Every structure is written in structure tokens, then in C-alpha cells.
Amino acid sequence: MRAQLALSESEDGEDDPDVVVVYDAKFDEYGLPVRDGGTSMTVIGYCPWCGGRLPASRRDAWFDAMEGLGLDPWEDEIPEEFHGDGWWAGDLVEEAVNREHLTPEKVISPV
């Protein structure tokens, strides 16, 4: 058996016992799935296999962006680009040289 990484909630990795790490693109977070029938996960800061540092969460920045747009995330309709990584992914070209973490393809290495 080989451990797998679910790259988004749409891949239904939360219910697959072989998926041991999930990725939330909206917040740029990796986590261990909570197997209670929901989509909860425990956010992790380091790769469980190699110990490398994972990217810092963008959760606070997402909520700051919602506030800056005058939106209440629980009450208002959220723009489509804020449902995934579209709101921050354009920054990656600029950040790529300076990021001090593993890229997703290096987090899980084939067995």
C-alpha cells in the first residue's frame, strides 16, 4: 500500500483510507484528514515523511481579503476566485524564488 495526497476536496480523498494527507488550495494548507464523515482536517506545518517545512497558511490573508472586499464569509456570496487558489496563485511566480518550503510534488515521494 502507498500513501496518497488528495489535492482538493473535490477529489473525495477524505473517505479514502490510503489518503493520509490532504491539501486545501484555498488556504494553501496541508493536513491530516479527520475521518468523521466531514471535511475537517488537522493542519500540519511539516511533511510527515521528510520533516521539511510546509508553506505557511494563507487562512488569515483570505479572511483579510474578505474584509477588504467588505464581505462576510458566512453571510455573503464569495467571488469564484476565492473558492480555490485563484486569489493567491498569481503571487507564486514572484514568491517561487523566496519560499522556504517544499513544493507539493516534493512533499510525497513515490515508494
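Can you list the residues, at least 5 places off or on another chain, whose amide H is less than 5 Å from the amide H of MET41, using H built in the peptide plane?
VAL34
Starting at the first residue of the range 27-32, write each ³J(HN,Hα) from the Karplus equation 6.51 cos²θ - 1.76 cosθ + 1.60 with θ = phi - 60°, in whole Hz, x for Gly and Pro.
Taking θ as phi minus 60°, the curve returns 9, 6, 10, 10, x, 9 Hz for the range 27-32.
Pull up all non-local amide H partners of GLU29: gap of 5 or more, or a different chain, and H-to-H distance under 5 Å with H placed in the peptide plane.
ASP24
For ASP36 and GLU67, what is the calculated FRET efficiency with R₀ set at 22 Å and r taken between the beta-carbons, to the nearest 0.05?
0.15
Please work out how much length the chain gains when fully extended from TRP74 to ARG53, using 0.36 nm per residue of separation minus the C-alpha to C-alpha distance, in nm with one decimal.
Working: separation 21, 0.36 × 21 = 7.56 nm, distance 3.12 nm.
Between TRP74 and ARG53, full extension yields 4.4 nm more.
Each value in this text was obtained by applying a stated rule to the coordinates, not by laboratory testing. This structure is a prediction, so every number in the text was calculated from the model and none was measured. Neighbour counts run over all protein chains shown; Cβ positions are idealised from the backbone, glycine included.
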